[in-house]
Amino acid sequence: MGLLKSRKIYYCYNPNTLTYERVYPSARRRIFAVLQHLASGIFIGGGLFFVFSNMFSSPVESMLRKENGLLQTQYNVLSRQLDNAFEVLEDIQQRDEKLYRAIFQTRAIPESVRKSGFGGTNRYEYLTGMSNSELVIETTKKMDILKKQMYVQTNSLDELIEIGKNLEERNRCIPAIQPVSNKDLKHTASGYGMRIDPIYHTKRFHTGMDFSAPTGTDIYATGDGVVIFSGWRQGYGNCIIVDHGFDFKTLYGHQERNLVRMGQRVKRGEVIGYVGNTGRSTGPHLHYEVLVRDRHDNPAKYYFKDLSPEEYDQMLRIAENHGQVMD
């Protein structure tokens, strides 16, 4: 006896009656058939979803992917622009330190201030959860450092502008002439640097320049300023110290007599005393010092209003060749 199926209606052939009789499947068989069809549908649907989800993007996903790519490109461009900005800023900083501040003879900005970073807690932790977080954090760091260095450089330029406004006064105050009349350079006795002590005959650092001259020779203020000391000073004898402002001071030692008092304003070229032999001295001379920000500097660097370039070179040679000081 065979079984026929037609549109989910089952028939069975009856040889006795020579006819097909309808057969009704059991509930179990029908449930199994439904589950079988359902499982097949789920499997096929899942497979199709997997294929389409990996091969094709939804409009939203496509838009997000494009925006993410565009954002990454923009960050890369911004990072390169920041690198170029750092190069320009580095050039400005070098000009500031090596040129402008050298011309105005003002103090340098410490590298630790110019290049200082950021301390404390992780200030970029809030960016770690973003896509392309490393690129975003690196670019943000560059931006912060650039802003900080630009702030320092802006303040530096503002300071130089103020110095430029006071340039005329500054030029009057800088110690820019020799302290005694010495056009022929014959009074140059000893220069700045390591020299032989005249008493102990050992090498020591000479913090100024010595000018030999007869007792009573005029001593001139080398720049405008205010007398902040006039009296006896151990080792220097009769001594005068002038504060010129703009971080400059000058000292005049071993004088026979001081002609100015503390608090008195003096002008460049004004006679403030006479050459003598007071204090620790081996003969009549003037010991002259230049201090910049309270540190000794070579006085020979500051005779630009007094000497031609040829005379200046000659003075340096004379000062260098005299190995023994007079105090």
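The values are calculated or read from the model by the stated rules, or taken from the named source; none is laboratory data. Please read these numbers as outputs of a predicted model, since none were measured by experiment. Ideal geometry is used to build each Cβ from the backbone, glycine not excepted, and the neighbour counts take in all protein chains shown. These accessible areas exclude ligands, DNA and RNA; they are computed on the full protein's heavy atoms, side chains included. Shrake-Rupley method; radii C 1.70, N 1.55, O 1.52, S 1.80 Å.
Details
- 3J(HN,Hα) from dihedral phi, the range 280-289, Karplus parametrisation 6.51/-1.76/1.60, rounded to Hz, x for glycine, proline: 7, 8, 9, x, x, 6, 10, 9, 10, 10
- Amide H contacts under 5 Å for Gly208, placed H, 5+ residues apart: Gly193
- Between Gln314 and Thr128, the modelled labels are 7.3 nm apart [label points 7 Å from Cα along Cα→Cβ].
- Over the C-alpha atoms of the range 126-196, the Rg to Rh ratio, Rh being the Kirkwood estimate, stands at 1.45.
- Cross-link table Lys183/Lys305; Lys183/Lys267; Lys98/Lys141, entries beyond 22 Å C-alpha to C-alpha: Lys98/Lys141
- Amide H contacts under 5 Å for Asn166, placed H, 5+ residues apart: none
- Given Lys165/Lys301; Lys142/Lys249; Lys165/Lys186, the pairs whose alpha carbons are separated by over 31 Å: Lys142/Lys249; Lys165/Lys186
- The aspartates and glutamates whose alpha-carbon is closer than 19 Å to the alpha-carbon of Lys148, local same-chain residues fewer than 8 away aside, are Asp83, Glu87, Glu90, Asp91, Asp96, Glu97, Glu111, Glu138, Asp158, Glu159.
- When the residues Asp218, Asp184, Asp96 are ordered by accessible surface, computed with a 1.4 Å probe over the protein chains alone, the sequence from largest down reads Asp184, Asp218, Asp96.
- Within the range 259-302, the percentage of alpha carbon pairs spaced more than 14 angstrom apart rounds to 66%.
- Listed peptides 281-294, 73-86 by packing density, highest first (mean Cβ within 10 Å): 281-294, 73-86
- Using only alpha carbons, the range 161-248 has a radius of gyration to Kirkwood radius ratio (Rg to Rh) of 1.03.
- Net charge of Cβ neighbours under 12 Å - reference Gly269; Lys, Arg +1; Asp, Glu -1: 0
- Remark on Gly273: its backbone amide H falls under 5 Å from those of Ile219, Leu259, a criterion applied only to residues 5 or more positions apart or on other chains, H modelled at 1.01 Å from N.
- Measuring nothing but alpha carbons in the range 239-327 and taking Rh as the Kirkwood radius, the Rg to Rh ratio lands at 0.97.
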